[in-house]
Amino acid sequence: MRTPLVVGNWKMNGSLSDNLSLLQKLTSQWQAAAVEMAVCPPAVYLAQAQALLAGTSIQLGAQDASQHSSGAYTGECSVAMLQEFGCQFVIIGHSERRQYHAESDQLVAEKCLAIKASGLTPIVCVGESLAEREGGATLAVIQRQVQAVLDHVGSEQLAGVVIAYEPIWAIGTGLTASPEQAQEVHAAIRQQLQALGASTRILYGGSVKAGNAKELFAMADIDGALVGGASLIAEDFLAIGTAAAQ
Ligand code: PGA
C-alpha cells in the first residue's frame with residue numbers, strides 16, 4: 001500500500017507575508033489523514049515555514065541540496081542544514097535545475113546518495129523534452145535518468161525514494177500529459193526499479209490542477225503529484241490533496 005503524496009514546489013515564489021497567509025490556510029484546512037502533504041519553499045523561507053508547520057500534518061521539503069556535506073561551495077545548502085530546518089523531503093533533478101544549472105544525471109545521482117545517507121527522502125525528478133517525446137525517445141530518456149540513480153545509489157539504499165515524472169513540455173505550460181501517457185511512463189519506471197518498484201511512490205508533475213488531478217490519480221501507478229503553480233493557491237492545492245485521498 002503506497003500512501004499518496006502531494007508535494008508543492010513553490011519554485012522562486014513567495015514572500016514572508018504571502019507565505020504566512022498560504023501556510024495558515026493550508027494548516028487550518030487540511031484534514032485528509034490518508035494523504036501526505038508537503039510544501040517546498042525557497043531555502044530562505046524554511047525557518048518561517050518550519051515554525052508555521054510545527055505540530056501540523058503538513059511536511060516540509062527543500063527544492064535542492066548540495067551533494068557535498070560542507071565547504072567552499074558558495075550559494076549551496078547541505079542536506080544537514082536542510083535537516084536542521086525540519087525538511088523531510090528534498091527535490092532533486094528538477095528539469096529547471098538540469099536545464100539552467102547544467103545538472104547532469106551523475107550529479108543528480110550524487111545528490112540522491114547524500115540525501116539518502118542523511119535519512120531524508122529525495123524526490124528525484126525525471127522527464128523528457130517535447131522533441132524527445134516527438135522523436136519517440138521518451139522511455140529511453142526516462143530509463144537513462146532513473147538508471148543513473150540506481151547505479152550510483154544501489155537499489156537497496158534507494159528504498160523510500162520518491163520519483164517524480166515531469167514531462168518538460170507539461171511544466172508550467174498548461175499542457176498535461178494525458179492520464180494514459182503518464183501511466184505508461186510510471187509503469188515503465190516501476191518495472192525498471194524491479195523489486196523496489198512495488199513500494200516506491202511515483203508522482204506525476206506538470207500542470208497538475210484541481211480540475212485534472214482526479215483522473216491522473218485514478219491511474220494504477222500514479223501515487224500523487226509534484227505541483228508547481230497550483231501549489232501557490234491554497235484552495236487549489238488543498239483540492240489536489242483531497243483528490244489524492246479518493
Ligand atoms: P507546474 O510545475 O505544476 O507549474 O507545471 C510543476 C513542477 O515543475 O514541479
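The values are calculated or read from the model by the stated rules, or taken from the named source; none is laboratory data. Quick caveat, the model's predicted, so the values are computed rather than measured. Here the Cβ positions follow ideal geometry from the backbone for every residue, glycine too, while neighbour counts run over all protein chains shown. In case anyone asks, the SASA skips ligands and DNA or RNA and just uses the protein heavy atoms, side chains included. Shrake-Rupley method; radii C 1.70, N 1.55, O 1.52, S 1.80 Å.
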**Message:** Test of understanding: among 218, 187, 245, which residue is more than 17 Å from the chain's Cα centre (by Cα), open to solvent by 20 Å² or more (accessible area, probe 1.4 Å) and modelled with pLDDT under 95?
**Reply:** 245
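In segment 190-209, what residues are hydrophobic (A, V, I, L, M, F, W, C) and modelled with pLDDT under 95? Give the derivation first.
Quick first cut of segment 190-209, residues hydrophobic (A, V, I, L, M, F, W, C) only: 193, 195-196, 198, 202-203, 208.
If the condition is that a residue be hydrophobic (A, V, I, L, M, F, W, C) and modelled with pLDDT under 95, then 195, 196, 198 are the ones that fit.
What do you reckon, is residue 4 surrounded by 13 or more Cβ atoms within 10 Å (Cβ to Cβ) and within 16 Å of the ligand (Cβ to nearest atom)? Steps first, please.
On the way: surrounded by 13 or more Cβ atoms within 10 Å (Cβ to Cβ): yes; within 16 Å of the ligand (Cβ to nearest atom): no.
So residue 4 fails the test.
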**Prompt:** Among the numbered criteria (1) away from the ligand (no atom under 16 Å from the Cβ); (2) in a loop (DSSP other than H, G, I, E, B), which single criterion is violated by residue 180?
**Reply:** (2)
**Message:** Residue pairs, Cβ under 9 Å, 6 or more apart or interchain, first in segment 93-112 and within 11 Å of the ligand (Cβ to nearest atom), second of a type in the set (Val, Ile, Thr) and modelled with pLDDT under 95. List them.
**Reply:** 94/171; 95/171; 96/171
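Could you count how many residues in segment 10-63 are of a type in the set (D, E, K, R) and part of a helix (DSSP H, G or I)?
2
So in segment 141-184, with the set limited to residues that are among the acidic types (Asp, Glu) and more than 16 Å from residue 116 (Cα to Cα), which one is nearest to the chain's Cα centre (by Cα)? Quick ask: steps written out before the conclusion?
Quick first cut of segment 141-184, residues among the acidic types (Asp, Glu) only: 151, 156, 166, 180, 184.
After this cut, where a residue has to be more than 16 Å from residue 116 (Cα to Cα) as well, the list is 166, 180, 184.
On the way: 166: 9, 180: 20, 184: 19 Å.
The residue in question is 166.
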**Prompt:** Looking at 88, 67, 83, which is the one that is touching a residue at least 40 places away in the same chain (Cβ under 8 Å), open to solvent by 50 Å² or more (accessible area, probe 1.4 Å), within 15 Å of residue 122 (Cβ to Cβ) and over 14 Å from the mean Cα position of the chain (by Cα)?
**Reply:** 67
**Message:** Contact list please: Cβ distance under 6 Å, first residue in segment 1-26 and in contact (Cβ under 8 Å) with a residue 40 or more places away in the chain, second residue aromatic (Phe, Trp, Tyr) and within 16 Å of the ligand (Cβ to nearest atom), pairs at least six apart or on different chains.
**Reply:** 8/237
**Request:** Output the number of residues of segment 10-34 satisfying the condition of being touching a Ser or Thr at 6+ places or on another chain (Cβ under 8 Å) and open to solvent by 10 Å² or more (accessible area, probe 1.4 Å).
**Result:** 5
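Say whether the condition of being under 24 Å from residue 53 (Cβ atoms), at pLDDT 95 or above, in contact with a helix residue (DSSP H, G or I) (Cβ under 8 Å, 6 or more places away or on another chain) and small (Gly, Ala, Ser) is met by at least one residue in segment 125-134.
no
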**Item:** Conditions (1) open to solvent by less than 40 Å² (accessible area, probe 1.4 Å); (2) touching a helix residue (DSSP H, G or I) at 6+ places or on another chain (Cβ under 6 Å); (3) not small (Gly, Ala, Ser): number failed by residue 196
**Value:** (2)
**Prompt:** Taking segment 231-240, which residues are within 14 Å of the ligand (Cβ to nearest atom) and not hydrophobic (A, V, I, L, M, F, W, C)?
**Reply:** 231, 236
**Request:** Filter segment 204-230 for residues that are out of contact with any helix residue (DSSP H, G or I) (no Cβ under 7 Å at 6 or more places or on another chain), within 15 Å of the ligand (Cβ to nearest atom) and either among the charged types (D, E, K, R) or in a loop (DSSP other than H, G, I, E, B) (or both) and give the result.
**Result:** 211, 212, 228
